[in-house]
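Student: Dumping the structure here so I can ask a few things about it.
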Amino acid sequence: MTDDAVVAAAKRGDQDAWRSLYRAHAGRLVVWLETRSGSDSAVAAEDVAAQTWLTAAEKVADYTGGAEEFGAWLFGIARRVAANYRRRSGRRRTDPVADAPGAEVDGPDATVPERAWIADLLAGLSPRERDVVACIDVVGLSSADTARALGMTQVAVRVARHRALRRLRAETSTTLLAATIA
Amino acid sequence: MLPDLRIDVPELEPPAVLLEQLAQLSRQGAASAPHDGPGIVKAFLAAVSVSVLASVAWLTGTLPGVASPFTREPETRPAPQHAAAEPGTLALADEDTEADAPPAVADGHAGAHHGKAQHGGRTTPPQDNGHHTGQTKPHQNNGHHTGQTKPHQNNGHHTGQTKPHQNNGHHTGQTKPHQDNGHHSGQTKPHVHGNGHRS
């Protein structure tokens with residue numbers, strides 16, 4: 001089944017097509033949502049991702065493009081879904097509290113500590129720079145797909161990424177120097 | 001030195017329930033999606049709509065600058081021969097002036113002016129038989145003269161002025177009354193002439 005045939009089958013409601021699309025994009029969608037800006041601690045990235053898939057299934061009849069652009073389209077939906085979650089959490093005015101003792105368990109996923117480290121590293125960037133770096137350097141989207149997903153031009157994406165990486169280099173070298181001195 | 005930020009993204013397997021929901025939602029979306037016709041049909045419908053709207057607007061006269069065919073144009077009346085607004089009143093004034101023949105004409109001043117001594121401020125001297133008018137077109141004048149837009153009590157004195165004035169039988173086309181001693185001029189400037197010649 002070709003890429004475009006996968007999308008066409010997904011439009012018809014074929015479960016195999018949706019399984020193929022989910023395998024291709026769901027993992028990096030969750031990773032991107034975990035590392036991107038403005039994540040609400042009260043809302044898990046998996047919840048946003050699940051709502052994103054449901055919205056995509058509702059709107060897939062209006063989607064025009066192949067499987068290559070499907071990722072960018074899906075990330076764009078996720079960005080809007082996350083923004084809606086953020087607005088709702090702002091209205092709820094919840095105050096996050098510390099995790100209950102014993103809540104942390106060693107998950108089977110060995111990449112969780114790495115994700116936490118990257119999220120902490122990207123926290124010093126501006127929200128836009130964080131989004132761009134998370135899309136390109138963390139989950140491996142192309143510049144064009146990143147621009148489409150974030151609603152930016154490719155030039156703006158390149159500029160934001162350049163600034164973000166320069167800042168990350170400076171912070172990393174400072175941290176390494178401090179660790180060496182200590 | 002920047003460390004590699006790339007994460008090995010795990011390949012997730014969709015839950016069966018979510019997969020079923022995705023398939024169902026996509027089928028519903030496909031069923032409710034509008035089936036658009038070709039673009040030429042849209043363009044044709046748009047053109048027909050615009051034409052109908054334009055026609056209705058034209059017929060009802062709502063288009064600015066375009067008159068409706070159902071509304072009558074106001075008829076344009078020809079300009080009256082005389083400047084008087086009410087022809088009936090003018091006729092009455094003419095009758096009055098017939099009775100009150102101007103003494104200046106009657107007493108032989110016209111002869112002194114060779115029948116062309118009275119002028120109504122016209123730019124082109126008309127064939128004048130001693131009657132004066134402020135009109136721009138020559139007309140059959142029977143001795144009653146007025147340049148006024150309204151009829152006035154005419155006692156045989158003629159003027160091209162816009163306001164009636166005390167006229168003592170002297171006629172002028174001037175805009176200002178002047179000392180006239182029976183000599184008439186079509187000039188715009190007052191002049192003094194006592195030699196019976198028209199300047």
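The values are calculated or read from the model by the stated rules, or taken from the named source; none is laboratory data. Just so it is clear, the model here is predicted, and its values are computed rather than measured. Please note: Cβ atoms are built from the backbone with ideal geometry, for glycine as well, and neighbour counts cover all protein chains shown. Just so you know, the surface numbers come from the protein's heavy atoms only, side chains and all, with ligands and any DNA or RNA stripped out. Shrake-Rupley method; radii C 1.70, N 1.55, O 1.52, S 1.80 Å.
Student: For a protection proxy built on the mean count of beta-carbon atoms within 10 angstrom, sort A:119-132, B:5-18 highest first, please.
Tutor: Highest to lowest by the protection proxy: A:119-132, B:5-18.
Student: Something else about it: If you take the accessible area of B alone plus A alone and subtract the pair, what total do you get in square angstrom, rounded to 100, with a 1.4 Å probe?
Tutor: Buried area between the two chains comes out at roughly 2800 Å².
Student: Sticking with the crude label model, points 7 Å out along Cα→Cβ, report the distance from A:SER126 to A:GLU171 in nm, one decimal please.
Tutor: It works out to 1.4 nm between the two label points.
Student: May I pose another question? Based on the mean of other Cβ atoms within 10 Å per residue, sort peptides B:56-69, A:20-33 so the most packed one is first.
Tutor: Peptide ranking by packing, descending: A:20-33, B:56-69.
Student: If each of A:ARG86 and B:LEU59 carries a label point 7 Å out from its Cα toward its Cβ, how far apart are those two points in nm?
Tutor: 5.6
Student: Report the full-extension gain for the segment B:GLN24 to B:ALA47: residue separation times 0.36 nm, less the Cα-Cα distance, to one decimal in nm.
Tutor: 4.4 nm
Student: In peptide A:71-77, how many Cβ atoms from other protein chains are near each Cβ within 10 Å, on average?
Tutor: Taking the mean over all residues of the peptide, I get 0.
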